[in-house]
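Asker: Structure in structure tokens, see below.
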Amino acid sequence: GIQVEQSPPDLILQEGANSTLRCNFSDSVNNLQWFHQNPWGQLINLFYIPSGTKQNGRLSATTVATERYSLLYISSSQTTDSGVYFCAVEQGKAAGNKLTFGGGTRVLVKP
Amino acid sequence: ETGVTQSPTHLIKTRGQQVTLRCSSQSGHNTVSWYQQALGQGPQFIFQYYREEENGRGNFPPRFSGLQFPNYSSELNVNALELDDSALYLCASRDEGRYNEQFFGPGTRLTVL
């Protein structure tokens, strides 16, 4: 099956700093989503981005499907950005209609 | 708020028991998926239902089963609980054929003693 790797596994930031999270995947995909998991376990949709670039406030994401990677940018980080960030990909019906998740990047933003 | 709800929030069972978890999909969504998330790991796909039929399954044994109802609510049933079944169980819904983005519920945290 497809492999999804996220880096770095852990990230400690000072409030106000910028950061880049990376997601590499081993095969072509139909869909790619970025999530933020809060301390209570809720997965919050950040981006649905199978290709191209999107921005939402201080967050932006870029997926280069031909090179099989996606980047999530956090600018001017805040303590509320702490949590685990997951990248998840989907290959379509032939692969079982499932999202395959990476291992996550655990982010801690210190005040 | 994703519009996806799950119940119960927390559950404690003993080894060998059976459990039923429930999910209510976002309005208009015809597809529901279930995921298991062990502590410190990413969610793992259990199975997916589309219009009341299972149309995708991950690497989980048959004691994990599901149902989807005409109103698009869904159940996950686990028989003969094992200690390793302790995890956060997440359901996700989407409107397959129209949008591919999946939206997750808040999860049910199951502890097996």
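Asker: Say we look at the stretch B:37-63 and pick out the residues that are buried (at least 18 other Cβ atoms within 10 Å of the Cβ) and more than 16 Å from A:Asn97 (Cα to Cα); which of these is nearest to the other protein chains (Cβ to nearest Cβ)?
Answerer: Restricting to residues being buried (at least 18 other Cβ atoms within 10 Å of the Cβ) and more than 16 Å from A:Asn97 (Cα to Cα), the top hit is B:Gly42.
Asker: Regarding A:Thr100, is this residue surrounded by 13 or more Cβ atoms within 10 Å (Cβ to Cβ) and more than 14 Å from chain B (Cβ to nearest Cβ)?
Answerer: For A:Thr100, the condition - surrounded by 13 or more Cβ atoms within 10 Å (Cβ to Cβ) and more than 14 Å from chain B (Cβ to nearest Cβ) - is not met.
Asker: Across the stretch B:79-98, what is the number of residues that are surrounded by fewer than 20 Cβ atoms within 10 Å (Cβ to Cβ) and at pLDDT below 95?
Answerer: So the count comes out to 4.
Asker: Would you please name the residue that is nearest to the other protein chains (Cβ to nearest Cβ), looking only at residues in the stretch B:17-30 that are in contact with a Ser or Thr (Cβ under 8 Å, 6 or more places away or on another chain) and within 12 Å of B:Val4 (Cα to Cα)?
Answerer: Selected residue: B:Gln26.
Asker: Residue check: is B:Leu21 hydrophobic (A, V, I, L, M, F, W, C) and touching an Asp or Glu at 6+ places or on another chain (Cβ under 9 Å)? Break it down stepwise before answering.
Answerer: Working: hydrophobic (A, V, I, L, M, F, W, C): yes; touching an Asp or Glu at 6+ places or on another chain (Cβ under 9 Å): yes.
Criteria met by B:Leu21.
Asker: Would you please list the contacts, defined by Cβ atoms under 6 Å and residues six or more apart or on different chains, that run from a residue in the stretch A:27-53 that is at the interface with chain B (Cβ under 9 Å from one of its Cβ atoms) to a residue that is among the small types (Gly, Ala, Ser) and assigned to a loop (DSSP other than H, G, I, E, B)?
Answerer: If the second residue must be among the small types (Gly, Ala, Ser) and assigned to a loop (DSSP other than H, G, I, E, B), the pairs left are A:Asn30/A:Gly92; A:Gly41/B:Gly107.
Asker: Just to verify a result, which residue in the stretch A:51-68, among those that are touching a Phe, Trp or Tyr at 6+ places or on another chain (Cβ under 7 Å) and closer than 15 Å to A:Asn31 by Cβ, is surrounded by the fewest Cβ atoms within 10 Å (Cβ to Cβ)?
Answerer: A:Lys54
Asker: Given the condition at negative phi and at the interface with another protein chain (Cβ under 9 Å from one of its Cβ atoms), answer yes or no: does some residue in the stretch A:65-79 qualify?
Answerer: Taking the stretch A:65-79 as the starting set, the residues that turn out to be at negative phi are A:65-67, A:69-75, A:77-79.
Still in the running and at the interface with another protein chain (Cβ under 9 Å from one of its Cβ atoms): none.
Taking every residue of the stretch A:65-79 in turn, none turns out to be at negative phi and at the interface with another protein chain (Cβ under 9 Å from one of its Cβ atoms).
Asker: Only one residue in A:Gly83, A:Gly57 is touching a strand residue (DSSP E or B) at 6+ places or on another chain (Cβ under 7 Å), small (Gly, Ala, Ser) and away from chain B (no Cβ under 13 Å), so which one is that?
Answerer: Checking each option against the conditions leaves just A:Gly83.
The values are calculated or read from the model by the stated rules, or taken from the named source; none is laboratory data. If you're wondering where the values come from, they're calculated on a predicted model, not measured in any experiment. Neighbour counts are summed over all protein chains in view; Cβ atoms, including those assigned to glycine, are modelled from backbone coordinates with ideal geometry.
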